[in-house]
């Protein structure tokens with residue numbers, strides 16, 4: 001299959017975030033601590049599944065939603081690990097520069 005269109009047809013990333021996606025990850029981590037993000041996802045999932053007259057009355061759609069939910073939780077965890085490792089790397093680099101300058 002040949003594709004002439006770029007991978008992203010539309011993006012919500014700024015130009016800077018497109019060049020350095022860690023900027024978007026760091027922003028997300030600052031805005032939504034892990035417990036808040038998980039709680040919000042759970043509320044979204046439970047409210048959606050409890051609603052009547054939605055596409056989630058179909059078992060396959062519910063299964064797809066649960067898969068998405070679980071994968072988003074995995075991405076959240078990876079997101080925070082990436083953000084923390086970047087922060088730790090920056091702190092180590094700063095300490096090294098201070099040590100060299102002393």
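The values are calculated or read from the model by the stated rules, or taken from the named source; none is laboratory data. A quick note: this is a predicted structure, and the numbers were derived from the prediction, not measured.
Observations on the model:
- Flag for residue 52 being part of a helix (DSSP H, G or I) and either within 25 Å of residue 30 (Cα to Cα) or modelled with pLDDT under 95 (or both): no
- From the list 75, 67, the one residue that fits, being more than 15 Å from the chain's Cα centre (by Cα), assigned to a helix (DSSP H, G or I) and modelled with pLDDT of 90 or more, is 67.
- Residues of the range 25-41 that turn out to be within 16 Å of residue 72 (Cα to Cα) and in a helix (DSSP H, G or I), as a count: 11
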